[in-house]
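Trainee: Structure below; questions to follow.
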């Protein structure tokens, strides 16, 4: 989140709207409310406690070497019509999409019809 916060002006200029989604429950392992109080963010935040959103986008995983019952870290760029234009699924909890790549896709998408948006396959 810090990486994205540091690029807030670029994000706004790209024409994108950003939302953070965390696949976790309040008070189980971490405390999202406490974290957000200590590290405020300027974008909407969804706590996906029942994992419905994570499952809908195919980033949920039941068990892994670095996590249990959470989602792979993922970044999606979704067009206004609801189609996924870009997806990056991290292999582990510290694997994040390159910010410049996300901004490039958002800028192309906001440029409107006729612009070329590359849809990248999920990472493996």
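Trainee: At 0.36 nm per residue, minus the direct Cα-Cα distance, what do residue 36 and residue 13 gain on full extension? Give it in nm, one decimal, please. List each step's numbers first, then the result.
Mentor: Numbers: separation 23, 0.36 × 23 = 8.28 nm, distance 2.44 nm.
Once the chain is fully extended between residue 36 and residue 13, it gains 5.8 nm.
Trainee: Want the number for residue 20 to residue 55: 0.36 nm per residue separation, take away the alpha-carbon distance, what's left?
Mentor: Details: separation 35, 0.36 × 35 = 12.60 nm, distance 1.54 nm.
Computed gain between residue 20 and residue 55 is 11.1 nm.
Trainee: To the nearest 0.05, what FRET efficiency results for residue 6 and residue 62 with a Förster distance of 41 Å applied to their C-beta separation? Intermediate results must be reported in sequence, preceding the final value.
Mentor: On the way: r = 33 Å, r/R0 = 0.80.
Taking R0 as 41 Å, the efficiency between residue 6 and residue 62 is 0.80.
Trainee: For residue 107 paired with residue 95, estimate the spin-label separation in nm (one decimal), with each label point 7 Å from Cα along the Cα-to-Cβ line.
Mentor: 2.7 nm
We did not get these values from a lab; they are worked out from the coordinates using the rules stated. Only a predicted model underlies this, so the values are computations on that prediction, with no experimental measurement involved. In this analysis, Cβ positions are derived from the backbone assuming ideal geometry, glycine residues included, and neighbour counts consider all displayed protein chains.
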